[in-house]
Amino acid sequence: MYNNNDYEWNVFINCPFDKQYEPVFHAIIFAVMDSGYIPRSAQESSDSGEVRIQKIVKIIKSCKFAIHDISRTDLSPEKKLPRFNMPLELGIYLGAKYFGDKKQKSKNCLILDTEQFRYQIFLSDLAGQDIRSHNNEPEKAIRCVRDWLSSLHPELQYPGGKEIYNRYKLFLYDLPKICRETKLSIEELTFTDYSRTIYEWLKLNENNH
Amino acid sequence: MTRKPSRQIRPPKGKGSISNKVLKEAVKKVSEKRIDSIKKKPKSKTPTHKNK
């Protein structure tokens, strides 16, 4: 079951989890939180007893909003095959939106790629969806996410993309020192640790940039 | 014209591996240290422009 109150603020982040993508992923998490939303990811639960796809379905069900990054289309160097997890999870999300109840039908998502019209080559059925490009740049990803999220609750005042990015740079400056204090290395931070650190940091620094 | 209410920062899901107390104290310590170091920086000696 999902918490009714959180559904309106939960944002499912469907993206690659590799090292190369990490700067964009971390910037997206920060932008979601600084815009007043709750980031959700398949990485948040370490319950190994649960089948992964069930866990993902449960999270998707609890999120009104989602960010799907379909930029990772490269073939893996060893296997010479692409990763299909992101398009699969995008499909589950769209399925919930089209076949779900009234609440699920209210779902709204942002689709990101490295270039705006590249999807026409490998995922042409997405035509008609709003797809934004981040060019693998954290600053651009923050702007895309902030602009989209601010349109979902227009009754609220949001910080600008540049302001969020400046705050994010300040957070990155503090993060290694915070990790030293907590005796964890940055590499060891789980999705939940990272989100909680952003939350505590924003509570103290949301007016700094 | 009335100003829109500001967005509110919301706590994330899950407990994580760091205790709340330790994390809060670490963030506070690091943030305060940074703010203090900015305050202590000597002011620039470049003269300000005056209206002629």
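Report yes if some residue within region A:60-76 is over 30 Å from A:ASN205 (Cβ atoms), assigned to a helix (DSSP H, G or I) and modelled with pLDDT of 95 or more; otherwise report no.
yes
Among the residues of region B:10-30, is there at least one that is in contact with a strand residue (DSSP E or B) (Cβ under 7 Å, 6 or more places away or on another chain), at the interface with chain A (Cβ under 8 Å from one of its Cβ atoms), more than 28 Å from A:LYS183 (Cα to Cα) and modelled with pLDDT under 95?
no
Which residue pairs have Cβ atoms under 9 Å apart, sit 6 or more places apart or on different chains, and have a first residue in region B:1-25 that is on the phi > 0 side of the Ramachandran plot and a second that is of a type in the set (A, V, I, L, M)?
From residues that are on the phi > 0 side of the Ramachandran plot, the pairs are B:GLY16/A:LEU189; B:GLY16/B:LEU23.
Give the residue that is farthest from B:GLU25 (Cα to Cα), with candidates limited to residues of region A:177-196 that are assigned to a helix (DSSP H, G or I) and more than 9 Å from every other protein chain (Cβ to nearest Cβ).
Among those that are assigned to a helix (DSSP H, G or I) and more than 9 Å from every other protein chain (Cβ to nearest Cβ), it is A:GLU187.
Restricting to region A:12-48, and then to whatever is hydroxyl-bearing (Ser, Thr, Tyr) and at pLDDT 90 or above, can you tell me which residue is surrounded by the fewest Cβ atoms within 10 Å (Cβ to Cβ)?
It comes out as A:TYR21.
Can you say whether A:SER62 is within 14 Å of chain B (Cβ to nearest Cβ), surrounded by fewer than 20 Cβ atoms within 10 Å (Cβ to Cβ) and touching a strand residue (DSSP E or B) at 6+ places or on another chain (Cβ under 6 Å), as far as the supplied structure shows?
Taking the combined requirement at face value, the residue satisfies it.
What's the total number of residues in region A:115-125 that are touching a Leu at 6+ places or on another chain (Cβ under 9 Å) and touching a residue at least 40 places away in the same chain (Cβ under 8 Å)?
The number of residues fulfilling the criteria is 2.
Assess whether A:ILE142 counts as being among the β-branched types (Val, Ile, Thr), part of a helix (DSSP H, G or I) and within 11 Å of chain B (Cβ to nearest Cβ).
Criteria not met by A:ILE142.
Can you tell me which residue in region A:150-175 is farthest from the other protein chains (Cβ to nearest Cβ), limited to those that are within 15 Å of A:ARG196 (Cα to Cα) and in contact with a helix residue (DSSP H, G or I) (Cβ under 7 Å, 6 or more places away or on another chain)?
My answer is A:TYR168.
Would you pick out the residues in region A:19-59 that are aromatic (Phe, Trp, Tyr), away from every other protein chain (no Cβ under 14 Å) and assigned to a loop (DSSP other than H, G, I, E, B)?
Scanning region A:19-59 gives a single hit, A:TYR21.
Looking for something surrounded by fewer than 20 Cβ atoms within 10 Å (Cβ to Cβ), under 17 Å from the mean Cα position of the chain (by Cα), touching a residue at least 12 places away in the same chain (Cβ under 8 Å) and assigned to a helix (DSSP H, G or I) - is there at least one such residue anywhere in region A:167-174?
No - not one qualifying residue is present in region A:167-174.
Which ones in region A:8-24 are among the acidic types (Asp, Glu) and closer than 17 Å to B:LYS13 by Cβ?
A:GLU8
The values are calculated or read from the model by the stated rules, or taken from the named source; none is laboratory data. Everything numeric in this text was worked out from a predicted model, so none of it was measured. FYI the Cβ positions are ideal-geometry reconstructions off the backbone, even for glycines, and counts take in every protein chain you see.
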